[in-house]
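S.K.: What follows is a structure written as structure tokens; I'll ask about it next.
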């Protein structure tokens, strides 16, 4: 190592350390000092730049930190107070307690509902039982009504029949009626049924009013077995001229008939009328061939025994 050189020895000393790694400078002493100065300044500049960058980063971080702190302080001051923070901390506990209360309330309500449903089930059972009893009572009442109606129809024959109507005849609306309900009476054609009535002092029944129709059909309903095919009962009505002019045996022309739907249709010369036990009394008549055999109804004036 050479001694110091006051004309540039510091620069030369700086560069002599690298003599073995770099080629020698050109012979010019002026050019050599200039290049060494540039290299030194470049190294210094690089070191200063790094320091500056680090300093800038430190300043940026400081600014960010200050900004965040200010933002937090502002947020705390603006939105959240100590009371708010405490409330937020207590909120989970409050929600948990509320949830427990709701659960307890729901369980109690479910128990109450189950109890009400059990009570309702018993009420439904009782209602079903009462409905069944009511149905049974209705059946009994209907049967009693039919029995009473049947007894009423026979009451005139029992009480005053001996005075007004012969045995087996029914007094109704001041007229004696005979209904061939018994099996022994059998079935007859319209003409033979009329002969039977005449033999007993009467004729086939004339039903020329709604009251007579209603009373006659009710007697049939009370005495016929409606679960079996219905029997027709000859009455005193026929197509006298076989051209659709229906007349009663007393000579009056039919004014109001109680024919079933589609009747009279005069199929196969059906010129005689019969009545049936129909609940709808306004559709209780049919026309038939007079030679057909059926039950029948007679009527006659009561006789006095006084």
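S.K.: Among (1) within 34 Å of the chain's Cα centre (by Cα); (2) over 30 Å from residue 221 (Cβ atoms), there is one condition residue 135 misses while meeting the rest; what is its number?
M.R.: In the conditions (1) within 34 Å of the chain's Cα centre (by Cα); (2) over 30 Å from residue 221 (Cβ atoms), residue 135 misses (2) alone.
S.K.: Scan region 265-289 residue by residue and report those that are touching a strand residue (DSSP E or B) at 6+ places or on another chain (Cβ under 8 Å) and closer than 12 Å to residue 233 by Cα.
M.R.: 272, 273, 274, 275, 276, 284, 285, 286, 287, 288
S.K.: Take residue 180 and decide whether it is within 18 Å of residue 218 (Cα to Cα), modelled with pLDDT under 85 and surrounded by 11 or more Cβ atoms within 10 Å (Cβ to Cβ).
M.R.: no
S.K.: Just to be sure I understand the filter: pairs with C-beta atoms under 6 Å, separated by 6 or more residues or on different chains, first member in region 217-243 and in a helix (DSSP H, G or I), second member buried (at least 17 other Cβ atoms within 10 Å of the Cβ). Which pairs pass?
M.R.: Close Cβ pairs satisfying both conditions: 217/281; 217/284; 219/153; 220/277; 221/277.
S.K.: Now for a separate question. For residue 247, are the conditions met, namely being outside any loop (DSSP other than H, G, I, E, B) and without any contact (Cβ under 8 Å) to a residue 40 or more places away in the chain?
M.R.: Judged against the criteria, residue 247 is a match.
The values are calculated or read from the model by the stated rules, or taken from the named source; none is laboratory data. Not measured: the values here are computed from a predicted model. For neighbour counting, all protein chains shown are included, and Cβ atoms are generated from backbone atoms with ideal geometry for every residue, glycine included.
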